[in-house]
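Novice: First the structure, which I've put down as C-alpha cells, then a few questions once you've had a look.
The values are calculated or read from the model by the stated rules, or taken from the named source; none is laboratory data. Keep in mind that this is a model prediction, so the values were computed, not measured. Here the Cβ positions follow ideal geometry from the backbone for every residue, glycine too, while neighbour counts run over all protein chains shown. The area values use the complete protein model at the heavy-atom level, side chains included, leaving out ligands, DNA and RNA. Shrake-Rupley method; radii C 1.70, N 1.55, O 1.52, S 1.80 Å.
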Amino acid sequence: MVSVEPTDAEAVVASRDDPRAFALIFDRHFDTIFRYLRRRVGRGCAEELAAETFSQALASRHRFDASHTDARPWLYGIAVNLLRHHYRGEERELRAYARCGVDPLAAEEPSLERIDTVATGRAVAAALAELAPVEREALLLYAWAELPYGEIAAALDIPVGTVRSRIHRARTRLIELLAASGQYVEETVDG
Amino acid sequence: MDEITALKLFRNELPERDATAKEAVRRMLEATPGVAPPRRRRAWRSGRALVALAAVFVGVVVVSSAFGWTSRLIDAIAGEPAPPPVKRAFAVQNQARARQVMPIFRSSPASDTIVERTHGVIGINSSVGPVIIWAAPTKGGGICWVMDIERKRRPDGLPNGGGGCSPYPQPSSVAMVASQGKTRVGEGYLELIEGRVRADVTSVELRYADGASETLPVIERFFLHELRTDAEPTLLIARGRDGEEIKRQPIRRIEWARPRMPDAVGPERSVIRLETSTGFPLTFALAPAANGQLCQITRYRGTGRSCGPDPRDRVGPDEISIHPGLWNEAEDGKPLVTLNGVVGANVARLELHYTDGSSQPIPISERFVVFEIPPAHHEDKRFVLIERDASGDVIARRVLK
C-alpha cells in the first residue's frame, strides 16, 4: 500500500474548493496551537481563542501563501494576533504568580496546582511580565512553539533580523531578571 | 539551568493533547454560522450508491472502441460488500501499521481503514478474467483500495494486484491521478490503466495514436480499464458532466514511461562508514554521474544506487533535508533505523536530543548525514534535531516525530 498524505499547503488549497478539506489542518495542528494558548491564558480562554484561530484561518484560507508547506507559522500568526487583546490580563496573572507563588491558571488547570517552593517558576513569571509584549511573543514562539527564526518571522510578519534582535533582547533581559531574583542562570552558548 | 530551559519548564506540566477541548472547539466551530465545520468525513453515503449504480449502467453502454473491443464492466460491483478475504486484506494492513517498529514510523490512526465498510467500487471483465477494485474508507476521511485480479489471487484468497491509500481527502486541486501497470497473468500480460479523479470529473477519455478513443466511466471517483495492445495509448482527458475538459494527461506505454537514471562516469569515493548495532556495516559513497549529476551508493546487506541531481543543491544554507530510514526490518528481526539526508552549507554541527534528555552529535560528512539511531531509543516518540553554525550558534531546532 502506498500512503499519500497531503502537505498543509495542499490541504489549504484543497479547502478553497471544498471547505471540508480544512479538517486536516484542524486535526493536525489543534493540539499544538491549543497548548500554546493554554500555556499563555489558561484553558477556558484558550478554547475560545483556538476556535477563533481556526475560524479565522478557514475564512482567510484563500490568502494563504501555498509556497509554505507548513501551516503552523500561519496559524501561530493568527493566534498571536488574537492574544494581543489578552496581554494585560496575562501580565496581571504573571505578576500575581510572582508575588504569591501560586499560578492563577491552576484554578482551571489541576496539573499546575502546586506552590512553587523552588521559586524558579515565580522568577520566570516575574521576568515574563517585565518583558515588552513583542519581545515576549517572539521569545515564547522560539522557546514554547519551537519555531525557527524564519518561521517566527513569517508568523509575526516581520524580518528575520528583527526576530533575532527581539529574542536576543528578551533573553538578555530574562537572564538579568532571573539573576536578580536569585536564580542562577548558566551562560548560554546558542544564539 | 540556562534561561531557555527555565522558560521551557514553565507551565510545562500541561498535557500535550486535550481531546475534550478539541471536541469542544470542534462543536464551537460547527455552531458558528458561515463557518464550514471541521467535520469528520464519511466516505460512503447511500445517495452515492445510487449515483454509482447509475454510472455502471451508463458505463456498459459507453465503453467501446472504434474496433469493437470493449473492456466490459462487471454489473453490480459498485457498493457490494467485499468478500471476507478482501476484508481480511485491509485488516492485515491495519495490524501491520500498528506493529511498525518505532513510533515515528507508525502511520497516523487516520490511515486505518474501517474494515467493515469495505465494498466493491468498479470491476471489468479483462482479457485474463475479472479485475475488481475494492475500497474501504479510512478514519481520516480518505480511502484505501486494493486491486483484485481474480487469476492472481493468493491461495488463501487474498487479492494480489497492488493498491493504494489516501488517508485524508484528496486535495481538490488534483483533478486526476492515473496509474499504469503491466503484470504477468498466466501465459499472458495484463496492461491496466486506473486512477482516481476529483468529484466533478464524470468520465475519462482515453485516446490512442491510431485516432481511436474510449470513454471510461467513473464510479466513486475511480476508473479502471484494460489497455489495447495493438495501439499506443497517448492521452487521458478528465471530463465534467457537460463533457468539458478538466484536465489532460499524456501517457505512454509502460516500457518507455520510466525515466532512465544517469550512469556513473567516475570512480566511487567512500564518504561514510558505520559499524551498526546489527553487526552489518553500512557504507555510503559518491560517484560522479553524467551531465554533472551525482550517484549515491549505499551498501547495507545489499547495494542501492541512486543517480540524479545533487541533493545538496536543493537545500538552503540554513536548511536540512533529513529523514528516518528503516532497513530490513522483517528479515531477521534486527531493524536498523537511521537518519539520512543532507544539510545546508551553514550547518556545521547537528545534535540529536532524545526524550530522556540525553543527546548525541550527528556526524556530517561533505554535507551528507547517515546516522544510526541507537536501539535504546527506537521507542522514543519524539526527537529534536538542533542545527548549529560554525560559531556554535543555534540555527534551528526541529522536532522529528
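Novice: Scan (1) in contact with a Leu (Cβ under 7 Å, 6 or more places away or on another chain); (2) over 26 Å from A:A66 (Cα atoms); (3) open to solvent by 10 Å² or more (accessible area, probe 1.4 Å) for the single condition B:I193 breaks and write down its number.
Specialist: The single condition B:I193 does not satisfy is (3).
Novice: Out of A:A11, A:A23, report the one residue that is touching a Gly at 6+ places or on another chain (Cβ under 8 Å) and facing another protein chain (nearest Cβ under 8 Å).
Specialist: A:A23
Novice: Do the conditions hold for B:V115, that is, is it among the β-branched types (V, I, T), more than 19 Å from B:L73 (Cα to Cα), open to solvent by less than 50 Å² (accessible area, probe 1.4 Å) and at the interface with chain A (Cβ under 10 Å from one of its Cβ atoms)?
Specialist: No: the conditions fail for B:V115.
Novice: Tell me whether segment B:217-225 contains one or more residues that are at positive phi, surrounded by 17 or more Cβ atoms within 10 Å (Cβ to Cβ) and not acidic (D, E).
Specialist: Yes, segment B:217-225 has at least one match.
Novice: Just checking, how many residues over segment A:49-71 are open to solvent by less than 60 Å² (accessible area, probe 1.4 Å) and not small (G, A, S)?
Specialist: 7
Novice: Kindly establish whether B:L350 is within 13 Å of chain A (Cβ to nearest Cβ) and of a type outside the set (F, W, Y).
Specialist: no
Novice: If you don't mind, another one. Consider B:C295 against the criteria (1) part of a strand (DSSP E or B); (2) open to solvent by 50 Å² or more (accessible area, probe 1.4 Å); (3) without any contact (Cβ under 8 Å) to a residue 40 or more places away in the chain: it satisfies all of them except one. Which criterion is unmet?
Specialist: (2)
Novice: Go through (1) part of a strand (DSSP E or B); (2) in contact (Cβ under 8 Å) with a residue 60 or more places away in the chain and name the single condition B:G141 misses.
Specialist: Every listed condition holds for B:G141 apart from (1).
Novice: Might you check whether a residue that is under 25 Å from the mean Cα position of the chain (by Cα) and loosely packed, with under 13 Cβ neighbours inside 10 Å occurs anywhere in segment B:366-382?
Specialist: yes
Novice: Name the one entry in A:G101, A:G77 that is open to solvent by less than 30 Å² (accessible area, probe 1.4 Å), over 13 Å from A:A129 (Cα atoms), at pLDDT below 90 and away from chain B (no Cβ under 12 Å).
Specialist: Checking each option against the conditions leaves just A:G101.
Novice: If I go through segment A:50-98 residue by residue, how many of them are touching a residue at least 12 places away in the same chain (Cβ under 8 Å) and part of a helix (DSSP H, G or I)?
Specialist: Total satisfying the criteria: 31.
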